[in-house]
Amino acid sequence: MKIRKKIKFLVLSLIAVSQIFPLYWLITFSLKTNGEIFGENIIGLPRYWRWENYQSALTQTKLIQYFLNSVFYSMVTVIIAGLLSAMAAYAIARMKWKLKALVFGVFALGIMIPAQAALLPLFQLLDKTGLKGGYLGLLIPYISGALPMSIMILTGFYKSIPMEIEEAACIDGCGIIRCFATIILPIIKPALATASVFTFLGTWNELMLANTFVDSDRYRTLPVGIMSFAGQYSTDWGLIGAGMVIATLPTIVIYFMLSNQIQDSLVAGAVKG
């Protein structure tokens, strides 16, 4: 038993190191010069801690504007997609109506079809409607792209909730809207938190659509802004690393804030009775 525990501890330690190492490398990367990054000191700690990389990223670039744009896109997408997916999944999982299986299948197609396949038709549609290049030109694809995964997560969670809860509420005179808002929504908080985390990560880290549909710095997101730091003839990679660290911090904070609810949603419905 002791040998088995030691082996398990060793394996888990290796997994933990493999998960933490990319973050360590990114932080040290952001504090090095180009010479250290490309050959002199690839993995080790910086010889000279270049904190001015962060100062330059915050003061000499439009990183703050890009950061605020990404916060706006992510928050609006999380709120609207979360509300729409919660209502759509409720109708699919709890109500009886014709064609609900077909509607669920249409939403499932959103997961099966890659975004690259829809890029050109979506570009033409947004261009002809005059939405390309503004906030709506990114919010509409972001929200519609977040719905399929959120609906899949919430539909499975709804099916684990006993119907007797809603039946008792209806007997007491509670309507569908009030039942959904006051009884169901508090119950699905763990699943909604999980869907929100996936939506936030997908929106925050998205690059392809933002790089294609947005031309102006006013609407540019953080990944596209960091990509623009690379020059045609020379690039300060420490500056790019500092921007990447700043872009990574919100995702880490969001995960730690909602980690407990995510774990609760993953085990919900696993045990009945």
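The values are calculated or read from the model by the stated rules, or taken from the named source; none is laboratory data. Keep in mind that what you see is a predicted model, and the values were worked out from it rather than measured. All Cβ positions, even for glycine, are placed from backbone atoms using ideal geometry, and neighbour counts span all protein chains on display. Note: accessible area is taken over every heavy atom of the protein model, side chains too, but ligands, DNA and RNA are not part of it. Shrake-Rupley method; radii C 1.70, N 1.55, O 1.52, S 1.80 Å.
Out of Ala101, Ala88, Ala93, Ala16, report the one residue that is within 30 Å of Phe213 (Cα to Cα) and small (Gly, Ala, Ser). Talk me through it step by step, then tell me what you get.
Working: Ala101 fails: within 30 Å of Phe213 (Cα to Cα); Ala93 fails: within 30 Å of Phe213 (Cα to Cα); Ala16 fails: within 30 Å of Phe213 (Cα to Cα).
Of Ala101, Ala88, Ala93, Ala16, the one residue that is within 30 Å of Phe213 (Cα to Cα) and small (Gly, Ala, Ser) is Ala88.
Condition first: over 25 Å from the mean Cα position of the chain (by Cα) and either surrounded by 18 or more Cβ atoms within 10 Å (Cβ to Cβ) or part of a loop (DSSP other than H, G, I, E, B) (or both). Now tell me which residues in the stretch 87-108 satisfy that. Explain how you work it out, then say what you get.
Within the stretch 87-108, the first condition is being over 25 Å from the mean Cα position of the chain (by Cα), and the residues that meet it are 94-102.
Met95, Lys96, Trp97, Lys98, Leu99 - these are the residues of the stretch 87-108 that are over 25 Å from the mean Cα position of the chain (by Cα) and either surrounded by 18 or more Cβ atoms within 10 Å (Cβ to Cβ) or part of a loop (DSSP other than H, G, I, E, B) (or both).
Being under 18 Å from Asp236 (Cα atoms), in a helix (DSSP H, G or I), among the charged types (D, E, K, R) and open to solvent by 90 Å² or more (accessible area, probe 1.4 Å) is the filter here; which residues of the stretch 4-53 pass it?
Glu40
Could you list all residues from the stretch 137-165 that are free of Cβ contacts under 8 Å to residues at least 12 places away in the same chain and either buried (at least 16 other Cβ atoms within 10 Å of the Cβ) or not in a helix (DSSP H, G or I) (or both)?
Residues of the stretch 137-165 free of Cβ contacts under 8 Å to residues at least 12 places away in the same chain: 162, 164.
Within the stretch 137-165, Pro162 is the sole residue that qualifies.
For Lys132, only one of the following conditions fails: (1) within 21 Å of the chain's Cα centre (by Cα); (2) assigned to a loop (DSSP other than H, G, I, E, B); (3) more than 17 Å from Ala81 (Cβ to Cβ). What is its number?
Looking at each condition in turn, Lys132 falls short on (1).
Please give the number of the condition Phe123 fails out of (1) among the aromatic types (Phe, Trp, Tyr); (2) under 30 Å from Pro186 (Cα atoms); (3) surrounded by fewer than 17 Cβ atoms within 10 Å (Cβ to Cβ).
With (1) among the aromatic types (Phe, Trp, Tyr); (2) under 30 Å from Pro186 (Cα atoms); (3) surrounded by fewer than 17 Cβ atoms within 10 Å (Cβ to Cβ) applied to Phe123, the lone miss is (2).
On the given criteria, is Tyr66 open to solvent by 60 Å² or more (accessible area, probe 1.4 Å) and hydroxyl-bearing (Ser, Thr, Tyr)?
Numbers: open to solvent by 60 Å² or more (accessible area, probe 1.4 Å): no; hydroxyl-bearing (Ser, Thr, Tyr): yes.
Criteria not met by Tyr66.
Against the conditions (1) within 28 Å of Phe29 (Cα to Cα); (2) assigned to a helix (DSSP H, G or I); (3) modelled with pLDDT under 85, where does Gln263 fall short? Just the number, please.
With respect to (1) within 28 Å of Phe29 (Cα to Cα); (2) assigned to a helix (DSSP H, G or I); (3) modelled with pLDDT under 85, Gln263 is out only on (1).
Name the helices (runs of 4 or more DSSP H) wholly inside the stretch 166-227 in which the number of residues that are under 30 Å from Leu58 (Cα atoms) is 3 or more.
Numbers: elements: 176-179, 189-204, 208-213, 222-227.
So the answer is 189-204, 208-213, 222-227.
Take the residues in the stretch 59-78 that are outside any loop (DSSP other than H, G, I, E, B) and without any contact (Cβ under 8 Å) to a residue 40 or more places away in the chain, then tell me which one is nearest to Ile143 (Cα to Cα). If you could, list the steps in order and put the result at the bottom.
Step one: filter the stretch 59-78 for residues outside any loop (DSSP other than H, G, I, E, B), giving 59, 63-78.
This time we only want the ones that are without any contact (Cβ under 8 Å) to a residue 40 or more places away in the chain, so: 59, 64, 68, 75.
Values: Thr59: 32, Ile64: 24, Leu68: 18, Met75: 11 Å.
Checked the stretch 59-78; the qualifying residue nearest to Ile143 (Cα to Cα) is Met75.
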